[in-house]
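Notes for the one structure printed next.
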Amino acid sequence: MSAAITRHFVTVGGRRIHYRRVGEGPALAMLHASPRSATELRPNQEVFAGRFTTLAFDTPGFGLSDLLPLAQPETEDLADALAETLDALGVGQVAVYGRHTGASVAVEFAARHGNRCAMALTNGFPIYSKAQQQDRLTRYLNPIVPSFAGEHLLWLWYRFRDQHVFWPWHEHDLAHRANAEVPDLATLHRGVMEFLEAGDNYRIGYATAFRHRGLDALPDLKVPVCFGNRRSDSIFKTMSLYPPEAWTQEMPAETLAAARAELAVLLRHPAKGEVPAPPPTNAIAGRTTLDFVAVDGVQVLTRSMGDLSAGNVLMLLHRLPGSSALYDEMITTLGARRPVLALDLPGHGESDAPPEATASIEAAAGWVLRVLDALNLGTVSLYGHQGGASVAIEVALRQPQRVHALALDAPVALPAVPREQIGARWLEGVAPLTPVWNGDHLLRAWHMRRDMELWFPWNDRRPATARKHAPRIDPAALTLELREVMKQPESFAPAWRAVWSYPTRERLALTTQPCLLLANSSDVFAPWIDEAAAVRPDARLFRDADPTEALRDF
C-alpha cells in the first residue's frame, strides 16, 4: 500500500505556502497549472512517490498559498519564489515537474537556478506569439464578479469546462476545438472551487504565463529540460514549434500511462542530497496559523492564534456545513487575548472526509476529542455556532472534565416536535447536492443559502414565513460562504440531517459546565435562544452582542 499524501504549510518571508508531500528518495518539486492547485497533481504525485520525495506546491495566489507581494509578478518571480520556498524547507537540489503555467515556472527555475535544478520536465509548455499573448491578456482573464442571482457560478462552471473544449476557451469555433477530454464532474467542481479560492486575483498569477518569454528561455538552459506534451492536451499543437535541439517527448494521452512515462524521464536525472523532514509551521504576526494534524491517518486542518501549550485555550467549532475559514477574523480578534484553536471538522472545508464523519453530531464530537488528544490539549473552553454548538454540547457530555465552559451561539434548540416538523421541511430539496453536468448544483446551493436569509424554513416562501431582519445577502459574502460549504458537496446533506436530528435542547439540559448563550437576531436560529435559556437558566445570555466582546471574559 502506497504512503498517504500529507499536507503542510511553510512560512517564506511572511508568506504562507501550502504543499503536499509523499514518497521517499530525491526531491521532486511539482507545480500545477493555473488556476488550479496542487490537488490536480495528485495522480502524478502518487506515481512519482515510489521513487521520489514529491513536494507539490500551491503556487503563489492559488490554493492555500499567499500571493507574492508584487502588483505584477512575472514567471521569473515565481521561479525565485520557488527557490526561497526550497530554502525554507532545507532542500538543496531538486528536479522540477510543471504543468502549463507550472511548466513555465519550471523552465524559468532551470534557467535561473541551474545549480539547484537537476532537470525539469514539462507537461504542456505554453508557447505564444506576440499576438496570442496580447489576446490572452486582453480577453482570456475575465474578472469574477459575484451577482445576486448566482450566475457568476454558472459562468465559472462553463468557463472552466470550456477551456477543455476550446483553446483558448473564449474562441468558440471549430478551428479552436481542443483535443482534450472534458474532466469528470468532481474535477470540474473542484476547478470552480479553486477559481473561487483564488478569487478575482486568479488573474494575477495566471497572467504571468501570457507574458513569459517561452522558447526564448532555451538559450539560458544549462541543465536537462524535457518538453513533454500529451496528444490529449490543448497545448500539444505547439510541438512543431520547438527547435531541433530541444529535448521533446510525446507522452501518452491517458493520465496514469503518461505519469509512468514521465517517471522514466525524471529518473534519468534525479536530484542529489537528502530531503529533510517537514519543518514546523511558523506563525505569521497578526494572522491565524494554519496547519494540518494527522489523526488516525486523517488530515485535519487547524487554525490557531497564540501558544496552545500555555493553557486557557478557546476552541471554536464552526457551523455545519461550513469551515473554520468563515471565522478567521473572529479567531484573530480573540487570539489577541488568549490562545484560540479552530478546525475544519472532518468532511468539511480542507479536512479529509473519513467514512461517516458527517453522519451525526456524535461522530463530529468524536473527531474533536481525537484532535485534542493529537495536540496533547487537556481542558478547553468551547465556542460553537449553530450545528457547531451541538457538537460542543456533545463533547461536554462525553468528557465533562475536559470542557471548562461552553459558549453556544444560536444553538439549534428547538423543542422536539417543531424540530422534527421544521427539520423535515427544511431537508426537502437539500439532497442530493452532488455535482451535475450543467452546474445547476451550484445555483441550488446558492439560492438555498440565500433563501435561508429570507424565509424560515428556507423553502416555505410565503409572507407569513418571511424573516423580519435585514437580510445578509451580499453576493461577495455569500460567495465566500458557498466556497467553504461546497468544497465537499457530498457532506452538505448529511451535515444538515445531523444538525436537525440531534436533540440539542434536551442534551443541553444535561450539561453542567458554566454556559454562555449568544444570538444575533439576524441568525437563522436566533428565535430559539430562549428555549436554550429555559433549560440552562443559569447561563449568561447575550442578544445581538458582538461575539468577540461577549467572549472577552469567557
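The values are calculated or read from the model by the stated rules, or taken from the named source; none is laboratory data. Note that the coordinates shown come from a computational prediction; the quantities given were computed from them, not determined experimentally. Using ideal geometry, Cβ is built from the backbone for each residue, glycine included, and neighbour counts are taken over all protein chains shown. Quick note on the areas: whole protein, heavy atoms, side chains included, nothing else; ligands and nucleic acids left out. Shrake-Rupley method; radii C 1.70, N 1.55, O 1.52, S 1.80 Å.
What residue, among those in the stretch 111-163 that are in contact with a Cys (Cβ under 9 Å, 6 or more places away or on another chain) and not small (Gly, Ala, Ser), is surrounded by the most Cβ atoms within 10 Å (Cβ to Cβ)? Checking each candidate, the answer is LEU121. Considered as a group, the residues in the stretch 131-158 that are in a loop (DSSP other than H, G, I, E, B) and in contact (Cβ under 8 Å) with a residue 60 or more places away in the chain include one that is nearest to ASN201 (Cα to Cα), and that residue is PRO143. Return yes when LEU68 is surrounded by fewer than 24 Cβ atoms within 10 Å (Cβ to Cβ), within 27 Å of ASN142 (Cβ to Cβ) and in contact with a Lys or Arg (Cβ under 8 Å, 6 or more places away or on another chain) and no when it is not. So LEU68 passes the test. Helices (runs of 4 or more DSSP H) fully within the stretch 373-481 that include at least 1 residues being free of Cβ contacts under 8 Å to residues at least 24 places away in the same chain: 416-427, 440-452. When LEU221, LEU241, LEU256 are checked against the criterion of being in contact with a Pro (Cβ under 7 Å, 6 or more places away or on another chain), open to solvent by 20 Å² or more (accessible area, probe 1.4 Å) and farther than 30 Å from ASP440 by Cβ, LEU256 stands alone in meeting it.
Within the stretch 66-91, work out how many residues are touching a residue at least 40 places away in the same chain (Cβ under 8 Å) and closer than 23 Å to GLU262 by Cβ. Count: 7.
Picking from residues in the stretch 122-180 that are in contact with a strand residue (DSSP E or B) (Cβ under 7 Å, 6 or more places away or on another chain) and among the aromatic types (Phe, Trp, Tyr), the one that is farthest from THR238 (Cα to Cα) is PHE166.
When the stretch 526-544 is limited to residues that are in contact with a Leu (Cβ under 8 Å, 6 or more places away or on another chain) and open to solvent by less than 30 Å² (accessible area, probe 1.4 Å), the one that is nearest to LEU406 (Cα to Cα) turns out to be ALA539. Remark: ARG507 falls outside the filter, which requires a residue to be touching a residue at least 40 places away in the same chain (Cβ under 8 Å), open to solvent by 20 Å² or more (accessible area, probe 1.4 Å) and touching a Gly at 6+ places or on another chain (Cβ under 8 Å). When ALA498 is tested against (1) open to solvent by 10 Å² or more (accessible area, probe 1.4 Å); (2) in a helix (DSSP H, G or I); (3) in contact with a Ser or Thr (Cβ under 6 Å, 6 or more places away or on another chain), only condition (1) is not met. Counting only residues that are touching a residue at least 60 places away in the same chain (Cβ under 8 Å), under 18 Å from ILE127 (Cα atoms) and part of a helix (DSSP H, G or I), which one in the stretch 164-214 is most open to solvent (accessible area, probe 1.4 Å)? Filtering the stretch 164-214 for residues that are touching a residue at least 60 places away in the same chain (Cβ under 8 Å), under 18 Å from ILE127 (Cα atoms) and part of a helix (DSSP H, G or I), the one most open to solvent (accessible area, probe 1.4 Å) comes out as ARG211.
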